[in-house]
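Here is the structure we will look at, set down as structure tokens.
The values are calculated or read from the model by the stated rules, or taken from the named source; none is laboratory data. Keep in mind that what you see is a predicted model, and the values were worked out from it rather than measured. No Cβ is skipped: glycine too gets one built from the backbone with ideal geometry, and neighbour counts run over all protein chains shown. Surface areas here come from the heavy atoms of the whole protein model, side chains and all, with no ligands, DNA or RNA. Shrake-Rupley method; radii C 1.70, N 1.55, O 1.52, S 1.80 Å.
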Amino acid sequence: MSGVLIVAEQRRGELRPVSLELISAAQGLRRAGDEVAVALLTTAPERYIDALKLAGVDEIITVKVRAAEFDPDTFESAIGALIAERHPEVVLVAHSVDSFGYAAALAAKLGLGFATDVFKMERIEGELVATRGGYGQKVNVEVDFPGRSTVLLALRGNVFKPPEAAASPKVSAFAAPAAASRSMAREFIELSAGDDIDMTAAEFILSIGRGIGEEAKVAQFRELADAVGATLGCSRPIADAGWLPKSRQVGQSGKTASACKLYIAMGVSGAIQHLAGMKHVTTIVAVNSDAEASIFGVAKYGIVGDIFEIAEELRRHF
Amino acid sequence: MKILVAVKQVAALDEDFEIRADGRDVEADFLIRDLNEWDDFSLEEAVKIKEAAAEPIEVIAVCVGPEEVDESLRKCLAKGADRAIRVWDAAIEGSDPIAIARVLAAVAKSEAPAMLFAGVQSSDHSFASTGIATAAILGWPHAAVVSSLDYTPGAKSAVFRRELEGGLLHEVEIQCPAVLTIQLGINTPRYASLRSIKQAAAKPIEVRSLADLGLSAGDVGEAGSLSRVRRMYLPDKGRAQLIEGDAAQQAKRLADIIREFKGAAA
């Protein structure tokens with residue numbers, strides 16, 4: 001049992017950036033003689049070889065399968081066969097919607113050591129130890145995997161920096177056994193904008209969360225956002241309730257505030273999924289009545305107070 | 001026909017809390033328990049399917065945990081579940097999601113439902129693993145992060161949409177019975193009426209032991225788990241610089257930050 005096997009993800013012909021972060025994460029696990037291999041499963045995996053020729057990769061494994069896009073049965077069967085052949089010590093996947101659909105199944109079937117949403121890996125006295133969050137990310141939890149010769153870890157995105165330097169890894173093809181799939185992918189659907197706002201382009205966002213309490217309060221914050229010149233955004237509960245269109249949702253399943261430089265979060269508690277869409281923003285100001293809210297962990301400035309009072313007072317200045 | 005809904009009673013931390021003496025968990029006294037937010041949606045989805053079905057459907061909520069989880073199961077009964085099953089044994093203590101999945105799979109085997117729902121993840125430990133591991137143990141088709149579902153009980157297949165990252169959906173058809181993990185926002189969970197809460201209080205909660213399910217102590221707990229908690233500790237968190245003062249003073253400072261940004265952007 002040695003080496004690291006990374007499963008890279010592609011979607012609709014694009015390599016998912018989180019895959020590259022896994023390559024950097026793997027470097028800290030290397031022991032003498034260990035190799036880092038990156039596998040990619042799709043109908044034409046050779047298309048991704050050039051994009052994966054990066055420093056830290058010793059081998060690129062193309063796995064040609066019948067499913068062009070993610071399919072749980074295909075992934076479990078092919079990656080299971082690859083693990084059986086290569087016996088890696090660690091298998092790294094992204095903690096993503098795709099891995100939600102197969103990683104736990106693979107671990108349960110093969111008896112692999114297993115942890116998800118891991119943001120730190122280390123060896124303590126030779127044993128692999130993974131760290132993840134617990135109790136709504138209020139504590140850190142270290143887990144180990146006694147007696148497991150292969151450990152599958154799903155890593156949190158935006159923790160490890162992707163490698164930049166190019167390299168010339170060897171390339172091999174893995175012949176995956178034919179797998180019968182019990183689901184059939186139909187089509188991708190882009191969420192219609194609902195309004196013509198592009199949250200990914202907004203430089204200044206004022207976001208509202210569960211703390212606003214009721215739909216009637218949305219108007220007040222919409223007016224405030226207009227007055228200060230911000231784009232109004234929201235966290236998941238607001239979009240789920242239909243108080244703002246889904247296109248305004250910032251977070252993992254919504255939009256990433258890619259261009260944002262100033263982000264004011266009002267009544268947003270800061271669930272990990274929301275943080276994924278905005279924690280990179282240089283200046284985050286959090287306004288929340290709960291001094292313990294997670295959002296204060298990523299904000300540059302914090303205001304502990306009543307969001308309606310602050311909103312009213314702020315409006316006077318514009 | 002039956003739809004099985006796996007639910008979890010999650011724990012949130014009290015404002016001040018202490019780590020247990022063995023360093024591997026938080027002292028139980030500091031935990032505030034509730035039904036997992038995601039499970040409200042998966043239960044509602046099952047109840048909606050039941051209400052729309054031509055034939056009688058039994059919605060069964062199942063939870064692995066000690067007596068205190070009855071509170072969450074009663075909530076499920078009040079919101080439309082027909083039966084509630086609780087599985088517990090001291091040996092289950094210390095189980096990871098895979099060991100819990102083994103228990104849930106055993107319940108599914110004995111109830112033989114047409115469909116099994118679980119939440120995408122739990123709000124406390126966010127493993128996003130239990131439902132899909134249950135499917136693997138059962139050998140059933142499975143899909144995660146389902147944000148809309150078209151399913152008629154008894155049908156050989158169901159069509160659903162997976163909610164992907166960045167506002168993209170993926171439509172998929174799946175063979176049934178299947179395990180689907182249900183995403184927030186798939187429906188609008190109902191509130192329990194006072195009357196249904198009262199009725200739920202009088203309903204029995206069926207308690208099963210490991211032996212009832214044909215499991216042994218080695219299938220659960222640390223022995224049946226794929227990971228083990230070594231240590232729990234408080235993270236060194238980045239902390240926002242707090243803007244002090246009354247609301248007017250705080251808002252004034254916030255207005256200055258906005259103006260600084262606008263000046264720099266201009």
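Of everything in the stretch B:214-257, what is assigned to a loop (DSSP other than H, G, I, E, B), more than 7 Å from chain A (Cβ to nearest Cβ) and not polar (S, T, N, Q)? Give them in sequence order.
B:G214, B:L215, B:V220, B:G221, B:D236, B:E244, B:G245, B:D246, listed by residue number.
Output the residue which, of all residues in the stretch B:232-259 that are under 30 Å from A:I124 (Cα atoms) and aliphatic (A, V, I, L, M), is surrounded by the most Cβ atoms within 10 Å (Cβ to Cβ). Reasoning before the result, please.
Going residue by residue through the stretch B:232-259, those that are under 30 Å from A:I124 (Cα atoms) are B:232-239.
Applying the additional criterion that residues be aliphatic (A, V, I, L, M) yields B:232, B:234.
Numbers: B:M232: 19, B:L234: 10.
The qualifying residue surrounded by the most Cβ atoms within 10 Å (Cβ to Cβ) is B:M232.
Output the residues belonging to the stretch A:300-312 that are open to solvent by 10 Å² or more (accessible area, probe 1.4 Å) and not in a helix (DSSP H, G or I).
Hits for the stretch A:300-312 are A:K300, A:Y301, A:V304, A:G305, A:D306.
So, in the stretch A:245-261, how many residues would count as being buried (at least 24 other Cβ atoms within 10 Å of the Cβ) and either under 22 Å from A:V304 (Cα atoms) or of a type in the set (A, V, I, L, M, F, W, C) (or both)?
3
Quick one: is B:R33 closer than 20 Å to B:A211 by Cα and not in a helix (DSSP H, G or I)?
On the way: closer than 20 Å to B:A211 by Cα: no; not in a helix (DSSP H, G or I): yes.
Here the answer is no, as B:R33 does not meet what is asked.
From the list B:V229, B:V146, B:V220, exactly one residue is at pLDDT 95 or above, touching a Lys or Arg at 6+ places or on another chain (Cβ under 7 Å), open to solvent by 30 Å² or more (accessible area, probe 1.4 Å) and not basic (K, R). Which is it? Walk me through it before giving the result.
Details: B:V146 fails: open to solvent by 30 Å² or more (accessible area, probe 1.4 Å); B:V220 fails: open to solvent by 30 Å² or more (accessible area, probe 1.4 Å).
Unique residue meeting the criteria: B:V229.
Name, by its number, the condition in (1) within 12 Å of chain A (Cβ to nearest Cβ); (2) modelled with pLDDT of 95 or more that does not hold for B:E260.
Condition (2) is where B:E260 drops out.
Pick from A:L128, A:L106: which is in contact (Cβ under 8 Å) with a residue 60 or more places away in the chain and either within 8 Å of another protein chain (Cβ to nearest Cβ) or open to solvent by less than 20 Å² (accessible area, probe 1.4 Å) (or both)?
Details: A:L106 fails: in contact (Cβ under 8 Å) with a residue 60 or more places away in the chain.
From the options A:L128, A:L106, the qualifying one is A:L128.
Select from the stretch B:138-172 the residues that are out of contact with any helix residue (DSSP H, G or I) (no Cβ under 6 Å at 6 or more places or on another chain), among the aliphatic types (A, V, I, L, M) and more than 7 Å from chain A (Cβ to nearest Cβ) and write down the one among them that is nearest to B:A46 (Cα to Cα).
B:L149
May I ask you to list the residues in the stretch B:78-94 that are more than 16 Å from the chain's Cα centre (by Cα), away from chain A (no Cβ under 13 Å) and open to solvent by 10 Å² or more (accessible area, probe 1.4 Å)?
Selection gives B:A78, B:G80, B:D82, B:R83, B:W88, B:D89, B:A90, B:A91, B:E93.
For residues that are in a helix (DSSP H, G or I) and open to solvent by 10 Å² or more (accessible area, probe 1.4 Å), tally how many sit in the stretch A:1-21. If you could, list the steps in order and put the result at the bottom.
Our first condition is that a residue be in a helix (DSSP H, G or I); within the stretch A:1-21, this holds for A:18-21.
From what's left, open to solvent by 10 Å² or more (accessible area, probe 1.4 Å): A:18, A:20-21.
Residues that pass the stated criteria total 3.
Just one of the numbered conditions (1) out of contact with any Leu (no Cβ under 8 Å at 6 or more places or on another chain); (2) assigned to a helix (DSSP H, G or I) is not true of B:K109; which one?
Failing condition for B:K109: (1).
Going residue by residue through the stretch A:218-236, is there one that turns out to be in contact (Cβ under 8 Å) with a residue 60 or more places away in the chain, in contact with a helix residue (DSSP H, G or I) (Cβ under 7 Å, 6 or more places away or on another chain), in a strand (DSSP E or B) and closer than 24 Å to B:L184 by Cα?
No, there is no match, as no residue in the stretch A:218-236 is in contact (Cβ under 8 Å) with a residue 60 or more places away in the chain, in contact with a helix residue (DSSP H, G or I) (Cβ under 7 Å, 6 or more places away or on another chain), in a strand (DSSP E or B) and closer than 24 Å to B:L184 by Cα.
For the stretch A:132-208, which fully contained strands (runs of 3 or more DSSP E) count at least 3 residues that are within 12 Å of chain B (Cβ to nearest Cβ) and open to solvent by 20 Å² or more (accessible area, probe 1.4 Å)? Outline the logic, then answer.
Working: elements: A:139-144, A:151-155, A:170-174, A:183-190, A:204-208.
Passing ranges, in order: A:183-190.
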